[in-house]
1. Calculate the FRET efficiency for Gln130 and Ile36 from the Cβ-Cβ distance with a Förster distance of 30 Å, rounded to the nearest 0.05.
2. Return the long-range amide H neighbours of Asn97 (sequence gap of 5 or more, or a different chain), with a cut-off of under 5 Å between placed amide H atoms.
3. For the chain, with the dipole built from +1 on Lys and Arg beta-carbon atoms and -1 on Asp and Glu ones, taken about the Cα centre, which of Ile36, Ser70, Ser113 lies farthest toward the positive end?
4. Between Arg50 and Tyr100, what is the label-point separation in nm under the 7 Å Cα-to-beta-carbon projection?
5. When the chain is treated as a GNM, springs tying every alpha-carbon pair under 10 Å, which of Ala111, Ala30, Ala43 comes out with the largest mean-square fluctuation?
6. If you plug each phi of the range 25-30 into the Karplus form 6.51 cos²θ - 1.76 cosθ + 1.60 with θ = phi - 60°, what whole-Hz ³J(HN,Hα) values come out, in order, with x for Gly and Pro?
7. Hey, got the dipole for the chain? About the Cα centre, +1 on K and R Cβ, -1 on D and E Cβ, debye to the nearest 20?
8. For the chain, take the longest principal axis of its alpha carbons; what is the angle in degrees between that and the long axis of helix 76-85, to the nearest 10 within 0 to 90?
Amino acid sequence: MKHKATRSAKAGFSLVEMLVVIAVIGIIAAIAVPNIGRINDSAKDATYRRNAQNIASVFASAQAAGVDFSTASTKEADIIKAIITGATVSDTDSPFNGTYFGVPGLDATDAISETAGAAKYLSWDTNSKQLLYTGGQ
């Protein structure tokens, strides 16, 4: 007895099956794409906060070593630019003589942007001459 190999009448996907798969992929994409945008915004905000913390930390360290970034200006943006640019202690009597205090690699223009930068997480207290990290409060 010989058996004939029969081909199935359904050898591939039907048009309806393909349309269902495409519709499901479309629904998943419609849910995922807006979330990706929020994730990017959240990552940028975290970067701005970290930059603000670094700037405030460098300011406090430099101030403890005797560097005064507020001598050139009392404007917050100018002080932030001065901190990013940095300064070297030049007091020969200081144990920090020759030490550089700054934030290399940070773009000052981006950092002082009020809407999208580290400046929105920093505040300048004119009474105590302190640059404070506010954390967005």
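1. 0.20
2. none
3. Going by the charge dipole, the pick is Ile36.
4. So the label points at Tyr100 and Arg50 sit 2.1 nm apart.
5. Comparing Ala111, Ala30, Ala43 in a Gaussian network model of the chain, the most mobile one is Ala30.
6. In residue order, the calculated couplings are 4, x, 5, 4, 5, 5 Hz.
7. On the way: 12 positive and 12 negative charges, 312 e Å.
My answer is approximately 1500 debye.
8. For 76-85 against the chain, the angle is about 80 degrees.
A short reminder: the numbers here are calculations on the coordinates, not readings from a lab. Owing to the predicted nature of the structure, the values given are computational and were not obtained by experimental measurement. In this analysis, Cβ positions are derived from the backbone assuming ideal geometry, glycine residues included, and neighbour counts consider all displayed protein chains.
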